[in-house]
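Take a look at the structure below.
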Amino acid sequence: MNLPSILKPILILASTAVLLTVVHFAASFLVPVLLAVFFATLLTPIYSWLKKRRMPKGVALLLSIGVLVLVALFLALLVGRSLTVLQSSLESYMEQFSQRQAEIAAQLEGIAPALDLTPLLSAVNPQALAGTLSYTLSTIVGIFKDGFLIFMLTIFLLVEAPFFIKRMGQAYGAGHPLTQNVIALARIMVRYFGLRAVVNLVNAIATGLMLWLFGIPFAGLWAVLIFFLSFIPYIGAIVSMVPPILLAYAQSGLGLAVVIGLLAVIINAISENVLQPMVMGVSLSVSPTVVFLSALFWVFILGGPGAFLAMPLTMAVILFMNNFAETRDLASIVVITPQPAPDSAQAPNPRFLSRLARKNRSK
């Protein structure tokens, strides 16, 4: 009896560790490239939709690039101005955090004077709250520093993608597994994240309007953050609401912060449980544990921008593994509702088999 060798798994794990180490040290170069691939993926449905309207490819490409230019200008004006003002206001927000903390301490002392809540209040100190805002700002600033490079790479990828796939088919052949897997993976990614962007956009607009109505500063900036972080299911929308909730707490106290948090949860629940099934139908549903761990993992590998790229990269890995028989079972472990296998879709209906058996017995 031949026992399974442990050498192959060890080699695979060692190769993966080396690859991830290289990615970690090359994060400053890879992050703009990965963001450009992601943005090109989001723009591909627009480009394809324009071509389906019998529009010349050149015109469709120019219009797609025009959409990218308008979005880039909008984000540069909105986010750039908000970041500048918010960075200059961090010290004043720290003072407001200290004031709110003193108010809560006085209220708690009046309710339960015998309890010593100093350790609890010191754990949530104003410096930590201001540090959360500062880290969020530094991450966004880091991404926008490479904005021009990301913009140019996105255009090149959008132009070159069809020719790249065509050249791959010519080099390996249309029936080669590599060509088929790359094309299938690209189509799934484009469809999934294109439709996911629609859900995120509705969620971001609704939440941004809610923040604006309550007078929360920089509502547009937080709407942009909600749009991108909502690509991370379960935890993305929650993490994206931390900065506006902190500002609501600094501005008007704990009551407004709780109201903002509850309304954000309601809006997100409607988007995820009502709008998403209508727009996306049945899609891959990744385990919440895997989503949480993947977010931590990619932040560790790529830094702050890894939070934006966590779900696209995780989905790409899962879909890539799902295209190969050796790793398909492993991919199914982290997916709650995997897509049905091709053989199961062609299996005979059990009712049809029972009717056929009854007919044979009657004969």
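Before moving on, here are some points about what is shown:
- Residue in segment 233-269 that is modelled with the highest pLDDT, counting only those that are hydroxyl-bearing (Ser, Thr, Tyr) and either surrounded by fewer than 19 Cβ atoms within 10 Å (Cβ to Cβ) or under 22 Å from the mean Cα position of the chain (by Cα) (or both): SER240
- Among the residues of segment 206-217, just one is buried (at least 23 other Cβ atoms within 10 Å of the Cβ) and of a type in the set (A, V, I, L, M, F, W, C), namely LEU211.
- Residues of segment 205-243 that turn out to be more than 18 Å from PHE38 (Cβ to Cβ) and either of a type in the set (D, E, K, R) or assigned to a loop (DSSP other than H, G, I, E, B) (or both), as a count: 8
- As a summary of the residue check, LEU153 satisfies the conditions (1) in contact with a Gly (Cβ under 9 Å, 6 or more places away or on another chain); (2) at pLDDT 80 or above except for the one numbered (1).
- Selection count where residues are among the aromatic types (Phe, Trp, Tyr) and either loosely packed, with under 11 Cβ neighbours inside 10 Å or farther than 21 Å from GLY194 by Cβ (or both), scope segment 1-60: 2
- In this structure, TRP222 does not satisfy being surrounded by 14 or more Cβ atoms within 10 Å (Cβ to Cβ), modelled with pLDDT of 85 or more, more than 20 Å from the chain's Cα centre (by Cα) and closer than 22 Å to LEU70 by Cβ.
The values are calculated or read from the model by the stated rules, or taken from the named source; none is laboratory data. The shown structure was predicted, so the numbers you read here are calculated from the model rather than taken from an experiment. Counting neighbours? That spans all protein chains shown, and the Cβs are built from the backbone with ideal geometry, glycine included.
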